[in-house]
Amino acid sequence: MEALKGRDFLSVVDLRANELLDLLQLAEQLKQKKVHLRCNKVLGLLFFKASTRTRVSFTVAMYQLGGQVIDLNSNVTQVSRGEPVPDTARVLDRYLDVLAIRTFEQQQLETFASYAKIPIINALTDLEHPCQILADLLTVQECFGSLSGLTLTYLGDGNNVAHSLMLGCALVGMNVRIATPPAYLPQAGVVEQAKAIAGGKSQVLVTDDPAIAVQGSHVIYTDVWASMGQEDSADQRIPIFQPYQVNEELVNQADPEAIVLHCLPAHRDEEITDGVMEGARSKIWEQAENRMHAQKALLVSLLGAD
Ligand code: CP
Ligand code: NVA
């Protein structure tokens with residue numbers, strides 16, 4: 001994976017299709033312990049939002065590679081007291097080998113990347129969650145053997161996860177259907193970007209009809225109806241999003257072999273029923289585990305092995 005060395009990972013589209021597929025293959029080999037790679041480097045985690053999976057999976061991945069991690073909760077760094085991002089970025093660049101950032105605006109992440117020479121990783125912004133999608137596609141590939149030609153349906157808010165899924169599915173030749181209430185569509189620019197990537201090879205569909213979206217689909221995916229930073233509107237969203245809940249009735253309209261994914265954390269009996277989460281089609285726990293394997297492959301690709 002020399003091709004990725006030194007690069008940033010700010011968006012799914014920072015990878016070409018073959019690079020994404022190679023990364024998934026490396027992740028699977030690392031998971032199966034078919035390859036043993038070392039990377040004695042230092043990862044910083046600068047998070048402006050809460051995290052369980054991303055923080056812990058990055059930390060364990062780096063430890064298992066023989067590296068170190070510094071947890072830079074934004075509250076205990078000077079950036080929370082107004083130190084400019086260009087200054088923080090140029091200083092952290094001189095200490096760390098790689099920096100994963102979870103923040104609100106994609107623009108802030110891009111400013112970090114433009115001032116720091118080390119690889120910058122998007123650990124979630126309001127626009128995208130590309131690390132999540134690496135684990136999601138790894139999980140789908142494990143379940144179905146390949147990706148191209150499969151159909152993934154995302155139901156709920158047209159948010160960061162929806163955006164990265166659209167781009168990731170388009171890159172690997174999967175059909176992607178996004179079903180959202182009309183006022184909660186994914187960003188038009190991202191939809192156009194995904195359609196351009198898909199070309200004529202796969203379908204990118206955005207609809208407000210959950211039943212149409214789910215027909216014959218191989219992967220049913222949902223996420224919270226109110227993301228971090230949108231807590232104030234959480235209650236008013238519930239009745240609007242109710243028709244998009246992933247429940248047994250909806251899942252039964254999908255392909256008989258369909259799997260169910262959720263990036264977590266979940267609000268049981270809001271966007272997904274407890275029965276579906278705990279049911280036979282759920283691959284949610286495998287998906288969560290795969291965060292670690294996928295990010296280990298990403299780290300070693302961006303940094304190079306020892
Ligand atoms: N899915 C995900 O990114 O989880 P965390 O917010 O716990 O990191
Ligand atoms: N869309 C969610 C994903 C959490 C992993 C959020 O941004 O809060």
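The values are calculated or read from the model by the stated rules, or taken from the named source; none is laboratory data. Just so you know, these numbers come straight off a predicted model, no measurement behind them. Because the Cβ atoms are built from the backbone with ideal geometry, glycine has one as well, and the counts that use them run over all protein chains shown. Side chains included, ligands, DNA and RNA excluded: accessible areas come from the protein's heavy atoms. Shrake-Rupley method; radii C 1.70, N 1.55, O 1.52, S 1.80 Å.
Using all Cα-Cα distances in region 1-102, what percent lands in each 10 angstrom bin from 0 up to the longest?
Taking all Cα pairs of region 1-102, the binned fractions are 13, 40, 36, 11, 1 percent.
Under 5 Å between amide H atoms, partner at least 5 residues away or on a different chain: which partners does ILE121 have, H built in plane at 1.01 Å?
Those qualifying (amide H under 5 Å, at least 5 residues apart or on another chain) are PHE9, LEU99, ALA100, ILE101.
For region 199-214, just list the computed ³J(HN,Hα) in residue order, Karplus coefficients 6.51, -1.76 and 1.60, θ = phi - 60°, integers in Hz, with x standing in for Gly and Pro.
Ordered by residue, 3J(HN,Hα) equals x, x, 7, 9, 9, 10, 10, 10, 9, 9, 10, x, 5, 5, 4, 8 Hz.
Taking the convex hull of the Cα atoms, report for region 49-142 its projected area averaged over all directions, in nm².
Its Cα hull, projected and averaged over all orientations, spans 6.6 nm².
Under the rule of at least 5 residues apart or a separate chain, name every residue whose amide H is placed under 5 Å from the amide H of VAL246.
ILE272, THR273
With each pseudo-label sitting 7 Å past Cα toward Cβ, what's the ASP255-LYS201 distance in nm, one decimal?
1.8
Mind checking the dipole of the chain: about its Cα centre, +1 per Lys or Arg Cβ, -1 per Asp or Glu Cβ, Debye to the nearest 20? Could the numbers behind the result be given before it?
Working: 25 positive and 37 negative charges, 245 e Å.
Dipole about the Cα centre, nearest 20: 1180 debye.
With no solvent and one point per C-alpha, what does the Debye sum give as log10 I(q)/I(0) for region 154-276 at q = 0.19, 0.20, 0.22 Å⁻¹?
With no solvent term, the Cα-only Debye profile gives -1.01, -1.12, -1.33.
What's the magnitude of the charge dipole for region 13-65 around its Cα centre, counting Lys and Arg as +1 and Asp and Glu as -1 at the beta-carbon? Answer in Debye, nearest 20.
That gives a dipole near 260 debye.
May I ask which of LYS31/LYS201; LYS5/LYS296; LYS33/LYS296; LYS5/LYS117 have a Cα-Cα span longer than 21 Å here? Working shown, then result.
Details: LYS31/LYS201 30 Å; LYS5/LYS296 14 Å; LYS33/LYS296 12 Å; LYS5/LYS117 12 Å.
Listed pairs above 21 Å: LYS31/LYS201.
Return the ratio Rg/(2.2 N^0.38 Å) for region 97-204, where Rg is computed over Cα atoms only. Please list the in-between numbers first.
On the way: Rg = 14.6 Å, N = 108, 2.2 N^0.38 = 13.0 Å.
For region 97-204, the normalised Cα radius of gyration is 1.12.
Which percent of the accessible heavy-atom area of region 44-133 goes to carbon and sulfur, probe 1.4 angstrom?
The value for region 44-133 is 50 percent carbon and sulfur by accessible area.
Compute the convex hull volume of the Cα atoms of the chain, divide it by the residue count, and report the result per residue in Å³ as a whole number.
In the chain, the Cα convex hull volume per residue is 122 Å³.
Where does each of PHE104, PHE9, PHE144 land when they are ordered by accessible area, with a 1.4 Å probe and the largest first?
Largest accessible area first, the list is PHE104, PHE144, PHE9.
Please identify, among LEU65, LEU23, LEU165, the residue showing maximal mean-square fluctuation in a Gaussian network model of the chain using a 10 angstrom Cα cutoff.
Greatest mean-square fluctuation among the candidates belongs to LEU65.
Taking the Kirkwood radius as the inverse of the mean 1/r across Cα pairs, report the Rg/Rh of region 253-306.
Ratio of gyration radius to Kirkwood radius: 1.16.
How big is D for region 47-100, in µm² s⁻¹ as a whole number, if Stokes-Einstein is applied with the Kirkwood radius of its Cα pairs at 25 °C and 0.890 mPa s?
D, rounded to a whole number, is 199 µm²/s.
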